[in-house]
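Here's the structure we're looking at; comments come further down.
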Amino acid sequence: EVDERVDIGIVVAETGCRQTEIIHLPPEDILLDHPIPHLRLRYVEEGEHVRDLKCVASIRLVPLLGAALEAMLRHPSGFPRYRAKGSFSGDINNFMRDNQLFPSPPEGAKPFTFGGARHTWEERGRAAGMSNEERAFLLGHSVGKLRGRPVYGDGPELKLRALYAELVAFPTDTWQPRPQAEVRNLIEAELEAQGFRIG
């Protein structure tokens, strides 16, 4: 039996998305047959799948690679067990504790919760040499707040987002990310193709 808790956890860990962004995905925002499979995160104001996002910066396309893609292929219509319900956090934290999947917290610190998984993705991005702005674009943070001024333009297109995501994606049994130096070269080539001057 496919466990929605586990697969939501995989997608969150492998995309850096907020768990609410994955739990409440409407089926029409899961685009698995696109040349670059991805999720579309947006406000939905009416209909069966009404959803809110944290802020305007959270509206974005999220490429699916490796384990995240494999997990979403198991749930092409999303996660009905948790959609529009508030039970996921308790369920995933209990599952993680029951299976001893959390590391021991530092002495004097609070126990870990699954909510921290998003931050581990950001740490992986930092370790892969991503700038603050690159991580912010991918995670749906406010780049304007980061820069201290308004930001114009839509940020990296889906192809670029997929390349950035590949820098931190883990291999699976059926998929292997390319070497980071090769991916960085592809990112530079894509930026140049979009008219940016590199170097």
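Considering only residues that are of a type outside the set (G, A, S) and under 28 Å from E166 (Cα atoms), look in segment 104-121 and name the one that is modelled with the lowest pLDDT. First the steps, then the outcome.
Looking only at segment 104-121, we keep the residues that are of a type outside the set (G, A, S), and these are 105-107, 110-114, 118-121.
Filter once more, so that each one left must be under 28 Å from E166 (Cα atoms): 112-114, 118-121.
Working: F112: 89, T113: 89, F114: 91, R118: 79, H119: 82, T120: 87, W121: 89.
My answer is R118.
Here is a yes/no grid of residues against (1) at pLDDT 80 or above; (2) charged (D, E, K, R); (3) over 17 Å from the mean Cα position of the chain (by Cα):
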position: L69; (1), (2), (3): yes, no, no
position: G78; (1), (2), (3): yes, no, no
position: F102; (1), (2), (3): yes, no, yes
position: R135; (1), (2), (3): yes, yes, no
position: K145; (1), (2), (3): no, yes, yes
position: G148; (1), (2), (3): no, no, yes
position: L163; (1), (2), (3): yes, no, no
position: E166; (1), (2), (3): yes, yes, no
position: A169; (1), (2), (3): yes, no, no
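Just to be sure, is A57 within 30 Å of D33 (Cβ to Cβ), surrounded by 11 or more Cβ atoms within 10 Å (Cβ to Cβ) and at pLDDT 95 or above?
Spelling it out, it is not the case that A57 is within 30 Å of D33 (Cβ to Cβ), surrounded by 11 or more Cβ atoms within 10 Å (Cβ to Cβ) and at pLDDT 95 or above.
Just the residues that are open to solvent by 20 Å² or more (accessible area, probe 1.4 Å) and in contact with a helix residue (DSSP H, G or I) (Cβ under 7 Å, 6 or more places away or on another chain), please, taken from segment 60-88.
L61, L65, A67, R74, S77, R81, R83, listed by residue number.
Among the residues of segment 112-123, count how many are more than 19 Å from I23 (Cβ to Cβ) and buried (at least 18 other Cβ atoms within 10 Å of the Cβ).
1
Filter segment 180-190 for residues that are surrounded by 10 or more Cβ atoms within 10 Å (Cβ to Cβ) and within 30 Å of L73 (Cβ to Cβ) and give the result.
Of everything in segment 180-190, those that are surrounded by 10 or more Cβ atoms within 10 Å (Cβ to Cβ) and within 30 Å of L73 (Cβ to Cβ) turn out to be Q180, E182, V183, R184, N185, L186, I187, A189, E190.
The values are calculated or read from the model by the stated rules, or taken from the named source; none is laboratory data. Every value quoted in this text rests on a predicted model; they were computed, and no experiment measured them. All Cβ positions, glycine included, derive from the backbone under ideal geometry; neighbour counts span all protein chains shown. For the accessible areas, the whole protein counts, side chains as well, though only heavy atoms, and no ligand, DNA or RNA atoms are used. Shrake-Rupley method; radii C 1.70, N 1.55, O 1.52, S 1.80 Å.
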